[in-house]
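Single-structure report; data block below.
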Amino acid sequence: MNTTTTTTILFAFSLSGVFAYDLFHPVPTAAMRDLSADRPDTTESPVTVDAGHIQIEASLYDFSRERSDDVHTFGATNVKFGLTDCTDLQFVFDSYIWDEGADAEGFGDITMRYKWNLWGNDGGRTAFAVFPFVKIPTGTAISNDEWEGGLILPFSIDLAEGWSLGLMAEADVVADDAGSHDFEFIHTAVLGHDITERLGGYLEYVGAAAEDGYRALGSAGLTYMLNPNLMIDGGCRIGLNDAAEDFGMFTGITVRF
């Protein structure tokens, strides 16, 4: 079964009327969960957006350098729609990319993602979700004009007071330069800490294994809660081997409606 078919089935199930809240019957404001975002780290959160609410997660500016080739990304955005008590639908796109090495710029491809939380959405020490996605080519100068997709499995656990651990496994089907598709396996681990009531920090390891080799990255960042529905963040990435990008940095925002 391909990713598009799987997503369609899960979407239909999520709106089948078996949940207390859905896209058209929102969770009351007083009953909403604490804000949980998939950014700024690579490790995705297993927690979904509350049913009937919208969450926007955007990178204001993202810079990466690999062997003197610089890539500037403005407005890398994830728009999430809470479908039910345990599912959300997401649309991810880059508003503007300037790739100096490829001498290309413009709007990126669109990725549609469906997150289905299996447990831990509303409490408990652990949480886990199933997270299929498909990338839709837009045909712009930045697009590789290829359909791609995969499956993400994010897991989180609360450790000691103020500490948490996130783990993620991801299997992707990606296009290669020869016009065919290869498999890529991504695995991550992130250690988060609540420094204060509003300020949080994290350290992360990201590994990606593909037919052309293995890439390893380290990442660190900070988040700051301006209010229960608004968070800002910033951080950096450092390549841990020659195959990875040399350096990256980012700033972003998450807002929930």
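The values are calculated or read from the model by the stated rules, or taken from the named source; none is laboratory data. The structure displayed is predicted, hence computed values, not measured ones. Note: ideal-geometry Cβ built from the backbone for every residue, glycine included; neighbour counts use all protein chains shown. Surface accessibility is based on the protein's heavy atoms, side chains included, excluding ligands, DNA and RNA. Shrake-Rupley method; radii C 1.70, N 1.55, O 1.52, S 1.80 Å.
Overview of values
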| item | result |
| --- | --- |
| Value of relative contact order over the chain, rounded to a whole percent, pairs C-alpha under 8 Å and six or more apart | 16 |
| Net charge of neighbours whose Cβ lies under 15 Å from the Cβ of residue 162, counting Lys and Arg as +1 and Asp and Glu as -1 | -3 |
| Cα centre as origin, Lys/Arg/Asp/Glu Cβ charges: the stretch 36-191 dipole, Debye | 660 |
| Residues whose placed amide H lies under 5 Å from that of residue 104, excluding near-sequence neighbours | 99 |
| Loop-located GluC sites (Glu not before Pro) in the stretch 156-212, at most 12 other Cβ atoms within 10 Å (DSSP) | 161, 197, 211 |
| Among 84, 248, 187 the positive-end extreme of the charge dipole of the chain (Cβ point charges) | 84 |
| Charge context of residue 254, other residues only, Cβ under 11 angstrom, K/R +1, D/E -1 | 0 |
| Dipole in debye (nearest 20) - the stretch 104-243, about Cα centre, beta carbon charges: Lys, Arg +1; Asp, Glu -1 | 580 |
| Near-label residues of the stretch 238-257 by backbone N, under 15 Å of a point 7 Å along Cα→Cβ of residue 56 | 252-257 |
| Around residue 46: net Lys/Arg minus Asp/Glu count, Cβ-Cβ under 15 Å | -4 |
| Accessible area of the stretch 16-106 belonging to carbon and sulfur atoms, whole % at 1.4 Å probe | 57 |
| Relative contact order (%) - criterion: Cα under 8 Å, at least six apart; region: the stretch 16-153 | 18 |
| For the chain, calculated [θ]222 nm from helices alone, where every DSSP H run of n ≥ 4 adds -39500 (n - 2.57) | -1500 deg cm²/dmol |
| Accessible-area composition of the stretch 158-227, carbon plus sulfur, in percent [1.4 Å probe] | 62 |
| Accessible area per residue, Å², the chain with all protein chains present, probe 1.4 Å | 49 |
| Among 203, 229, 167 - extreme Cα towards positive end, dipole of the chain, charges at beta-carbon | 229 |
